[in-house]
Structure formats: C-alpha cells, structure tokens
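One structure is given below, encoded as structure tokens.
Nothing in this text is a laboratory measurement; each read-out follows from the coordinates by a stated rule. Computed from a prediction, not measured in an experiment: that's the story for all the values here.
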Amino acid sequence: MNASNRNAENLALVSWTWINAAELPVNQIDAAHSTTPPQAPARPEFDLFFPIRRWLDNIQIESSDLAHRICQLIPAQCPFERTVKLFGHTLFHIPPLCKLNPVYDQVVALRFRALCYLADVCGEDISGYC
C-alpha cells in the first residue's frame with residue numbers, strides 16, 4: 001500500500017498493524033475511534049509501600065562512593081536461601097525469601113543502577129560485586 005492510498009479516515013491502528021476501516025463492522029470502527037481512555041489495571045486502593053518504592057526509584061547515583069556503598073550493602077544473591085545438611089545428607093532446603101520483600105524489585109533495580117554507574121560512567125571493573 002503506497003502513501004497516497006492511506007487515508008486517515010479509512011485506516012485505524014490496531015495492534016501495530018494498519019487495517020482498512022471499510023473492512024471492519026460498524027461497532028469495531030466506533031470502538032477504534034472512541035475517546036475514552038483504556039482502563040488501567042486494577043491497583044489496590046491503599047499501598048503502604050508506595051512511598052518507599054517511589055523513594056527508592058528516585059535515588060540518583062551521582063558519585064562512585066555512593067555506588068560502591070550501595071553495591072556493598074545490597075547482596076547479589078538472596079542471603080536467606082540455605083540447604084541444611086547433616087552428615088552429608090540434605091535435611092531440608094530453605095527457598096529464597098527475598099521475593100517476599102515488598103520493595104525487592106526496587107532494591108535490585110537500585111543495585112543495578114549503581115553497578116551500571118560504576119561500569120559505564122566511572123569505567124571501573126565491577127566483577128567483584130557479581
């Protein structure tokens with residue numbers, strides 16, 4: 001289809017593909033031209049940890065000292081995962097409990113931003129933190 005055949009009144013963008021509006025039933029054309037915004041996914045009415053999440057997401061890494069401190073404080077792997085053995089026999093395994101932390105994703109993202117700052121901006125070797 002060349003550019004002269006594209007008419008904004010006859011085409012609609014649906015799922016990243018152009019389709020001809022003449023081929024659609026009338027109710028689908030009305031839905032495509034609707035001015036109502038799409039519904040956002042349902043969110044809990046009250047999120048106790050939202051301010052902490054926002055604060056962690058807004059921390060800017062602007063010095064190598066701060067980046068080093070963050071990388072030292074936040075471990076690369078969950079420290080709570082354990083396999084308990086007695087005389088070479090596995091008694092039980094404790095799974096990683098870090099994902100139960102409500103701000104786990106923000107903490108991991110903060111550590112990642114600190115590692116990226118050290119590697120990209122400072123040009124340091126970060127293999128000691130991995």
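Given their separation in residues at 0.36 nm each and the Cα-Cα distance between them, L48 and A119 gain 22.2 nm when the chain is fully extended. Rounded to the nearest whole Hz, the Karplus-based 3J(HN,Hα) values (6.51 cos²θ - 1.76 cosθ + 1.60, θ = phi - 60°) of region 114-126 follow the sequence 5, 5, 5, 4, 5, 6, 7, 7, 8, x, 8, 7, 9, with x at glycine and proline.
Residues whose amide H lies under 5 Å from that of R82, counting only those 5 or more places away or on a different chain, are I94; hydrogens are built 1.01 Å from N in the peptide plane.
Classify region 51-130 as rounded, prolate or oblate from the Cα gyration tensor: take a ≥ b ≥ c as the square roots of its eigenvalues, call it rounded if a/c is under 1.5, otherwise prolate when a/b beats b/c and oblate if not. Oblate shape, in that a/c is at least 1.5 and b/c is the bigger or equal ratio.
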